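Coordinate-derived values only; no laboratory data. Bear in mind the structure is a predicted one, so any value in this text is a computation, not a measurement. Cβ: placed from backbone, ideal geometry, glycine included. Neighbour counts: every protein chain shown.
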Amino acid sequence: MLQPQITRYADGIAAVDVEYIRPGVAAAHIIAQDGRAAFVDTGTTHSVPYLLAALEELRIERAAVDFIFLTHVHLDHAHGAGALLQALPNARAVLHPRGAPHLIDPAKLVASARTVYGEAAYQRLYGELVPLPQERVLITSDLERLSLAGRPFEFVHTPGHALHHQAIVDVEHSGIFTGDTFGLSYREMDTARGAFIVPPTPPTQFDPEQLVQSIDRLAAYLPRYVYLMHYGRVGDVPRLARDLKYQVREFARIALEHAGAADRAGAIEGALRALWRDLARRHGCHFTDAQFEQLLGKDVDLNVQGLLVWLQRRNKG
């Protein structure tokens with residue numbers, strides 16, 4: 001029997017480890033309210049058994065789940081949505097209008113992923129992507145609200161990480177489910193100073209100006225907490241917003257500074273690693289090189305790719 005790793009918070013919210021890459025990397029959230037429930041993000045198709053086991057442990061009937069709120073359609077967040085929806089007879093998937101078509105007809109999304117990862121790695125990481133039935137999809141407009149058993153949630157379109165990104169504001173409980181717009185914060189990097197946060201800047205739609213504006217937009221709600229896919233609940237939101245915006249601007253500066261280098265990718269990668277090592281050290285994180293690479297190495301590599309694509313797009317513009 002599966003043993004899902006569940007972190008219970010106040011206000012009927014629980015984080016469920018979706019078992020992506022390693023424990024503590026990615027969490028879907030379950031919101032329970034007066035006998036009804038919603039998911040926020042799903043992880044991969046391989047994650048779905050853990051999510052269903054979490055419902056059982058939380059004593060939530062599958063038929064009581066009304067929504068699957070998807071922040072965006074990157075595979076670590078939404079790949080499992082179709083398979084999960086098959087197991088939830090009354091649920092509807094809620095997506096940004098730019099994201100919905102990619103999960104209703106995912107052929108191009110899957111083909112692109114297979115090209116990037118290779119077939120064997122794609123299957124190992126994600127499994128088979130089940131399309132979403134169009135009749136079970138709700139498409140949001142910016143600032144639209146939906147109710148879960150009378151509990152209002154507001155959908156805020158937040159480009160910068162991706163054009164198809166939205167955050168979900170828990171209006172009455174001063175919380176926001178931020179997907180990737182409000183960064184990544186692995187619990188292994190918590191210190192006496194609190195959470196250590198970093199921005200993800202993946203290909204193909206990273207835009208630093210849009211991302212800073214979206215961070216400001218979410219911070220303006222003055223939330224007590226934000227709930228991150230990577231990973232879980234964090235507070236001290238004003239500080240985290242400042243840290244994120246500083247890093248986003250530094251990333252853009254670094255990319256522009258090294259745009260003409262012979263080994264542009266290598267120069268940007270070295271500068272990002274140096275920046276994160278310095279910031280982590282100041283935060284009180286004292287890791288060996290191997291520990292740093294385990295925690296942040298893949299994020300550095302992905303961010304370099306995103307910055308290179310941003311430079312190309314910027315030059316064409």
So what's the gap between the Cα centers of the range 1-21 and the range 242-273, to the nearest angstrom? 35 Å
Give me the distance in nm between label points sitting 7 Å out from Cα along the Cα-to-Cβ direction at Ala265 and Asp236, one decimal. 3.5 nm
Pull up all non-local amide H partners of Asp190: gap of 5 or more, or a different chain, and H-to-H distance under 5 Å with H placed in the peptide plane. Phe196
Taking the alpha-carbon centre of each part, the distance from the range 114-145 to the range 158-197 in Å is 21 Å
If Lys and Arg each add +1 and Asp and Glu each add -1, what is the summed charge of the other residues whose beta carbon sits under 14 Å from the beta carbon of Ala107? 0
Counting only DSSP beta bridges with both partners in the range 54-176, the antiparallel fraction in percent, to the nearest 5, comes to 65 percent
Of the beta bridges DSSP finds with both residues in the chain, what % are antiparallel, to the nearest 5? 70 percent
Amide H contacts under 5 Å for Tyr20, restricted to residues at least 5 apart in sequence or on another chain and with H modeled in the peptide plane, are Val25, Ala26
For the range 1-111, what proportion of DSSP beta bridges, expressed in % and rounded to the nearest 5, is antiparallel? 65 percent
For the range 209-216, Karplus couplings with θ = phi - 60° (6.51, -1.76, 1.60), whole Hz, Gly/Pro x: 5, 4, 5, 4, 4, 5, 4, 4
Peptide ranges 48-60, 26-38 listed from the most packed, as the mean C-beta count within 10 angstrom indicates: 26-38, 48-60
Which length gain, in nm to one decimal place, applies between Gln86 and Ala120 when the Cα-Cα distance is subtracted from 0.36 nm times their residue separation? 9.8 nm
Helix-only estimate, please: 222 nm mean residue ellipticity of the chain, summing -39500 (n - 2.57) across DSSP H runs of length 4 or more and dividing by its residues, to the nearest 500. -11500 deg cm²/dmol
For the range 75-90, in order, what is each residue's ³J(HN,Hα) by Karplus, 6.51 cos²θ - 1.76 cosθ + 1.60 with θ = phi - 60°, in whole Hz (x at glycine and Pro)? 4, 6, 9, 10, 4, x, 4, x, 5, 5, 4, 4, 8, 10, x, 10
Centre separation in Å (Cα based) which lies between the range 28-86 and the range 275-314: 30 Å
If you plug each phi of the range 183-192 into the Karplus form 6.51 cos²θ - 1.76 cosθ + 1.60 with θ = phi - 60°, what whole-Hz ³J(HN,Hα) values come out, in order, with x for Gly and Pro? x, 10, 8, 7, 5, 5, 9, 5, 9, 4
